[in-house]
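Below is one structure, written out as structure tokens, with a few remarks after it.
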Amino acid sequence: MRRYELMLVIRPDVAEDRVQALLDRATRSVTQGSGQIVKVSPWGRRRLAYPIGAHREGSYHIVLFDAPSEAVLELERGLNITEEVMRHLVTRVERPTATRRAAASDAEAEGADIVPPDEEEAPSEGEIIDESESEAAPAAIE
């Protein structure tokens, strides 16, 4: 199972009990698909970057969960046909680079070979590479 993050933007005119019912239905969809909810956090009402229909603001909610990909597809199918949801986005959460570096430092402490900085390997899968500093990046035009 992989970790996912769901961001929901719900219409601002929806009653609070209806919003809670909608969140319960989304979390139930994940758990029925053999997933588990890690965290649900309401962000509250926020102004939208652009109007969606007649609405200039929306109620934001973040749901962090672990689930197989089939459960994510079922969750998105249900959210697509829900009228109260203005927008939703499910993204896969990658493990943070700091965790991988901590694991590497633990391995070094146990006596693993230490590579000098000039002989370092390519960045691991989870590390972020700044393309502007890469040799493959095109030169800046002055």
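Taking every protein chain into account, the 1.4 Å probe leaves Tyr60 with about 40 Å² of accessible area, to the nearest ten. Take the Cα of Trp43, go 7 Å toward its beta carbon, and the backbone nitrogen atoms of the stretch 66-89 under 17 Å from that spot belong to 85-89.
Each peptide in 62-73, 36-47 receives the mean, over its residues, of other Cβ atoms within 10 Å, and ordering these scores from highest gives 62-73, 36-47. The Cα trace of the stretch 1-76 gives Rg and Dmax of 13.2, 39 Å, the first to one decimal, the second as a whole number.
Coupling constants for the stretch 56-70 follow from the phi torsions by the Karplus curve (6.51 cos²θ - 1.76 cosθ + 1.60, θ = phi - 60°), and in residue order they are 9, 9, x, 9, 9, 9, 10, 10, 9, 8, 10, 6, x, 5, 5 Hz; glycine and proline get x.
The values are calculated or read from the model by the stated rules, or taken from the named source; none is laboratory data. Predicted model only: the values in this text are computed from it and were never measured. In this analysis, Cβ positions are derived from the backbone assuming ideal geometry, glycine residues included, and neighbour counts consider all displayed protein chains. Only protein heavy atoms, including side chains, enter the accessible area calculation; ligands, DNA and RNA are left aside. Shrake-Rupley method; radii C 1.70, N 1.55, O 1.52, S 1.80 Å.
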